[in-house]
Amino acid sequence: MKSIYKIIVPLLLLAVTKVAAQQDPNYTLYVYNMNLINPAYAGSNETTDLGVNIRSQWSNIQGAPETQSFIFGTPVGKNLGLGMSIISDKTFIEKQTSLALDFSYHLKVSSTHDVYFGLKTSFNSYNANTDGLITYGIQQDPNLMNLDGGFNPNFGAGVYLKHEDYFLSFSIPKILTNDRLEENNGLATAGSDQQHVYLAGGYNFKLGENTVLKPSVLLRYVNASPLSVDITSLVEFNSHFELGAAYRIDESVSGIALFKISKNVKIGYAYESSVQSSVRYLENGTHEIMLNMRL
């Protein structure tokens, strides 16, 4: 029993500490789940898209972070797009659920460039069982009670530039701030959400008739926190499968594999391992699985 607490307590402390720095889930396979961070992406593929993403962090620890996401996007008429996303995120004593609707407007700026402007309307529920802090021996503010919020409204915005060979994306999916748990000098206190600002871009380099190199970068900025940078590189073979790796600077490295199992269905898997010595010997890696369909 003591050995279990030696594992769980440091991870719980780390999770509470990182709440202020990274309150929304990270996604290794973000390129294929752009609806989750940018409403302008809805309908940009000119097809009806359905997607499921499951992410399990520190997989050998009970109660460790888990995120399940569902996305939908489709064009409506000539220049409009409609999307929906559902996110369920659990981290030890915290649980967050988000339901969002995305609206996009398509502007054809040239024969090769398309720009999409997006708005996101969402309802977010955040719950924290602060009694669990006592169970794990973590100090809390005496005035801190259980954070049990109903569905709070929020909104966001984004822009997405699309070209046959590259893309650029900028978005703020949540603009309003709501109450949540926060760590302050080793003490758990009541805090608030921080705005997450995302800037992403990628380019497709044709290496041969059937081979394409797909590098991409995602920058994630949260107020008063270090800039988070994801660098990803994939190689596509015969339009049927992709292999590659990702590096989240000073945080983690990942291996990625994606397979096109039919004309309209793609599956993907990413295994992520921390590069931080304080976590690496405790965790058993992070697994992320996705299923995308185009109709």
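Key figures for this structure:
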{"item": "Evaluation of HIS240 against (1) under 21 Å from the mean Cα position of the chain (by Cα); (2) of a type outside the set (Asp, Glu); (3) modelled with pLDDT under 95; (4) under 22 Å from ILE267 (Cα atoms) (one fails), failing number", "result": "(1)"}
{"item": "The stretch 206-249: number of residues that are touching a residue at least 12 places away in the same chain (Cβ under 8 Å) and in a strand (DSSP E or B)", "result": "30"}
{"item": "Residue within the stretch 5-20 that is more than 18 Å from the chain's Cα centre (by Cα), crowded, with 21+ Cβ neighbours inside 10 Å and modelled with pLDDT of 95 or more present", "result": "no"}
{"item": "Matching option when the condition is surrounded by fewer than 16 Cβ atoms within 10 Å (Cβ to Cβ) and modelled with pLDDT under 95, among ASP141, ASP89", "result": "ASP141"}
{"item": "Residue in the stretch 222-237 that is farther than 24 Å from ASN38 by Cβ, out of contact with any Ser or Thr (no Cβ under 7 Å at 6 or more places or on another chain) and surrounded by 14 or more Cβ atoms within 10 Å (Cβ to Cβ) present", "result": "no"}
{"item": "Odd one out for PHE70, checked against (1) free of Cβ contacts under 8 Å to residues at least 40 places away in the same chain; (2) farther than 22 Å from ASN152 by Cβ; (3) within 16 Å of the chain's Cα centre (by Cα)", "result": "(2)"}
{"item": "Condition broken by VAL265, with the remaining ones in (1) within 30 Å of VAL76 (Cβ to Cβ); (2) in contact with a Phe, Trp or Tyr (Cβ under 8 Å, 6 or more places away or on another chain); (3) surrounded by fewer than 17 Cβ atoms within 10 Å (Cβ to Cβ) satisfied", "result": "(2)"}
{"item": "Top-ranked residue of the stretch 98-129 - restricted to ones that are hydroxyl-bearing (Ser, Thr, Tyr) and farther than 18 Å from MET34 by Cα, ranked as surrounded by the fewest Cβ atoms within 10 Å (Cβ to Cβ)", "result": "SER111"}
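Here's the yes/no breakdown for (1) of a type in the set (A, V, I, L, M); (2) within 14 Å of ASN26 (Cβ to Cβ); (3) at pLDDT below 90:
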| residue | (1), (2), (3) |
| --- | --- |
| GLU236 | no, no, no |
| VAL253 | yes, yes, no |
| SER262 | no, no, no |
| SER274 | no, yes, yes |
| SER277 | no, no, yes |
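The values are calculated or read from the model by the stated rules, or taken from the named source; none is laboratory data. These figures come from a predicted structure and were not determined experimentally. A quick note on method: Cβ atoms are made from the backbone with ideal geometry, for glycine too, and the neighbour counts reach across all protein chains shown.
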